[in-house]
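First comes the structure, then the notes that go with it.
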Amino acid sequence: MNISAAAATEAPVDLADALHRCAKGEHEALRLILETEGGRLLGVAHRMLQRRDLAEEAVQDSMVQIWRKAHQFHRGDGSARGWIFAVLRNRCLNILRDGRRLESLSPEDLTAMQDARLSAAGTGLDLLGDRVALKDCLVGLEPQTRRAILLAYVGGFTHGEIAAIQSVPLGTCKSWIRRGLDLLRRCLS
């Protein structure tokens, strides 16, 4: 039986508890987080970075950060899964901002990568799979707000890039994202 099949038959993993155990120095808890979320983490990183090698690097770096910063997670601040994926998202954004890694790519490859990020953000609702509540909440947002959130959290674009893509001032873009996230939080709670 492979790991994913074994995990499917076991009780769901309490990621908050695993983070708490990481903060105490329990290596087994980090392994449990990687086994539970590793595939999804790699998928998100690959969609954002469009390169398998960079995606693997991002996941590995994220796991190190999760281990080092697990003590910063507090149950009352949000979900453990959200915290874990925020660590990954930040690492991916740092990689995208680090131009040296991308210098080896031709301009055509960079254009293709940017187009793929836009495409991934455009189909963001399809990527949610069985997360019906989140899909329903996203559909309830204004189209420009939904697109800004998907560009940020699925495509990995910065607020400045999103403002340029949507041809709006930076402040407008930031307001859409902030209000949209607030509406999503209320809708999901």
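The values are calculated or read from the model by the stated rules, or taken from the named source; none is laboratory data. Model, not experiment: these values are computed from the prediction. When we count neighbours, we look across all protein chains shown, and the Cβ atoms used for this are built from the backbone with ideal geometry, even at glycine.
Structure summary
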read-out: Residue among R91, R47 that is among the basic types (K, R), under 28 Å from S189 (Cβ atoms) and modelled with pLDDT of 90 or more; value: R91
read-out: Residues located in the range 147-160, provided they are in a helix (DSSP H, G or I), under 20 Å from R91 (Cβ atoms) and under 17 Å from the mean Cα position of the chain (by Cα); value: I149, L150, L151, A152, Y153, H159
read-out: Hits in the range 155-171 (condition: among the polar types (S, T, N, Q) and surrounded by 13 or more Cβ atoms within 10 Å (Cβ to Cβ)); value: T158, Q166
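Listed here are the residues, each with its yes/no results for (1) crowded, with 22+ Cβ neighbours inside 10 Å; (2) basic (K, R).
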residue: R31; (1), (2): no, yes
residue: L34; (1), (2): no, no
residue: R40; (1), (2): no, yes
residue: A45; (1), (2): yes, no
residue: M48; (1), (2): yes, no
residue: D53; (1), (2): no, no
residue: R68; (1), (2): no, yes
residue: H71; (1), (2): no, no
